[in-house]
Amino acid sequence: MDAHFLAIDDLAEVPPVAVVVDVMRAFTVAAWAFARGAEKIVLAESLDEALELKARHPSWVALKDGPPSAGFDHVNSPGLLRAADLGGRTVVQKTTAGTVGALAVKEASLVLCASFAVAEATARLLRSRGGDSITFVVTGEDGRAEEDLACAQYIARRATGARTEAAPFLRRARTSRAAAELAEGVRRGVHPDDVALCLELDRFPFAMVASPEDSLMVLRPHPAPAPAPETSV
């Protein structure tokens, strides 16, 4: 497998397969939304689009980065979302990096959205459907976010079937700038458990696949394929 690790702005062309990584916190939150019963997640282009979608579909649940805001039901925090009842609901998500990255590769033949919470399921899906060339979109900090790069590199190794020790990758995420900002309250709309929840490896048994539906980019959970035999490296 030929893996490429690119920032959003470095995407010169549409990759055939893209894995968009946002550990802290967009795609950890998305995984929790599905675990809490959400049917699908609409990835919004802008805050205005998210509010317009919510206005047209009052039963939908809108969430965003930062502090609580009028028109939005939740903020982009796994700790705050984990108690929500989203059974059968559609969630509209707009974040600073994760949703932007997914929309940047919306024309790829396969788009996965990932975090440590769904790492193994994502790797298994890549083994079965990924092909020879996979582009990992490192969304945070203009492609320099250590937690996103660590997660992307871990998934890339697992996608080859290689036995891989997760601890060094999780350590990089735990000591990242994003983790420090969440822990120190630099970012708004944060729960004290957010960092720990973002570092829960393989918390959920599904991958997350994004694809166009009725002019919208929609994220849905996808069951992980059965595990393949691992190889030593």
Helix axis angle, 47-56 relative to the chain longest principal axis, alpha carbon, degrees: 60
Acute angle (nearest 10 degrees) that the helix 146-159 long axis makes with the longest principal axis of the chain, alpha-carbon atoms: 50
Cleavage-rule hits, trypsin sites (Lys or Arg not before Pro), region 161-232, DSSP coil, Cβ neighbours within 10 Å at most 15: ARG163, ARG188
For the chain, convex hull volume per residue from C-alpha positions, Å³: 110
Gained length - GLU39 relative to LYS106, 0.36 nm times residue gap less alpha-carbon distance: 22.1 nm
Cross-link partners of LYS54 among lysines (Cα-Cα below 16 Å; sequence separation of 8 or more within a chain): LYS40, LYS64, LYS94
Unit charges on C-beta of K, R, D, E only; dipole of the chain, Debye: 620
For region 87-134 and region 15-76, distance of Cα centres in Å: 13
Per-pair calculated FRET efficiency, R0 = 22 Å: SER46 and ASP9 via Cβ, rounded to 0.05: 0.75
Helix 26-35 axis, angle to the chain major axis (alpha carbon atoms, nearest 10°): 80
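Rule-based calculations on the coordinates, nothing more; no lab input. Since we're looking at a predicted model, the values are computed, not measured. Glycine also receives a Cβ, built like all others from the backbone with ideal geometry; neighbour counts cover every protein chain displayed.
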